[in-house]
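Comments concern the structure below.
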Amino acid sequence: MNKLFFLIQVFLFLITISAALPADDKLANIFYERNNCQCATAFADFDSSPSSGPFRGFVAFGQDENGSTTIFGAFNRGFNPNCTSEFLIVDSHGHVKYNVTRGLDVHITSDGGTEAFSHRFSNINLNCHSNGILLGGHSARSGNRGYSGGSRFSASSGDHQATRPIQKT
Ligand SMILES: *[C@@H]1O[C@H](CO)[C@@H](O)[C@H](O)[C@H]1NC(C)=O
Ligand SMILES: *[C@@H]1O[C@H](CO)[C@@H](O)[C@H](O)[C@H]1NC(C)=O
Ligand SMILES: *[C@@H]1O[C@H](CO)[C@@H](O)[C@H](O)[C@H]1NC(C)=O
């Protein structure tokens, strides 16, 4: 798990660095005018007991300049390989905003963990549009540094289910 956590930290760091580089202002302007999105990252941490239920793992979110969001991560336990599993993004009231089960296509391993998963969702954004999952569904592009619009990531397997907050990094 530590190795996985480390790799994810490195990945998030690289996203942050590449977003911060003054690489090509002209290109950046084109992206800004055309797409008006900033790169942003977030994570849901399933490493604390008891709020993570039986699950142990990490889910990370990276929004690109076009407002698409890549969700990636892995779990190392909590899943029953004989049961169907489900992955959802829910709002602060527990209502389903996005069912990412089919998109993520998470493969459960025989030891109850998962293979690493990654999928880019063109219909999910973090904070670029008013429906961004870090924005709570109301104010668009406001200064939401540090935390979150109350959205949570839900993992379930058989009778077990846990949700963890999606926090801006
Ligand atoms: C964003 O959109 C532009 C223009 O359509 C495209 O050239 C670029 O590759 C896209 N960026 C990503 C990360 O998909
Ligand atoms: C899953 O099913 C197999 C075959 O029926 C069984 O041997 C195994 O113990 C089951 N695993 C769990 C976690 O229930
Ligand atoms: C989410 O999608 C999966 C796979 O398509 C489906 O089995 C499940 O019922 C859906 N759950 C909800 C709450 O829509």
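Every number here is computed from the coordinates shown, using simple stated rules; none is lab data. In this text the structure is predicted, and so the values were computed from the model without any measurement. All Cβ positions, glycine included, derive from the backbone under ideal geometry; neighbour counts span all protein chains shown.
Sticking with the crude label model, points 7 Å out along Cα→Cβ, report the distance from N123 to H160 in nm, one decimal please.
Taking the two extended label points, one gets 3.0 nm.
Work out how much length C83 to D111 would gain on full extension: take 0.36 nm times their residue separation and subtract the Cα-Cα distance, in nm to one decimal.
Result for the pair: 8.8 nm of gain on full extension.
According to a simple spin-label model (label point 7 Å from Cα along Cα-to-Cβ), what is the distance in nm between N131 and S51?
2.8
Once the other residues with Cβ under 11 Å from the Cβ of G113 are scored (Lys, Arg +1; Asp, Glu -1), what is the net sum?
Numbers: positive: R56, R77; negative: D111, E115.
Combined, the nearby Lys, Arg, Asp and Glu give 0.
Working out 0.36 nm times the residue gap between H95 and Q167, then minus their Cα-Cα distance, what length gain in nm do you get to one decimal?
On the way: separation 72, 0.36 × 72 = 25.92 nm, distance 1.79 nm.
Full extension of this stretch gives 24.1 nm more.
Show me the ranking of peptides 68-81, 113-126, 85-98 by mean Cβ neighbours inside 10 Å, starting with the highest. Mind showing how you got there, number by number?
Details: 68-81: 20.1, 113-126: 17.3, 85-98: 15.7.
Going by the mean number of other Cβ atoms within 10 Å, highest first, we get 68-81, 113-126, 85-98.
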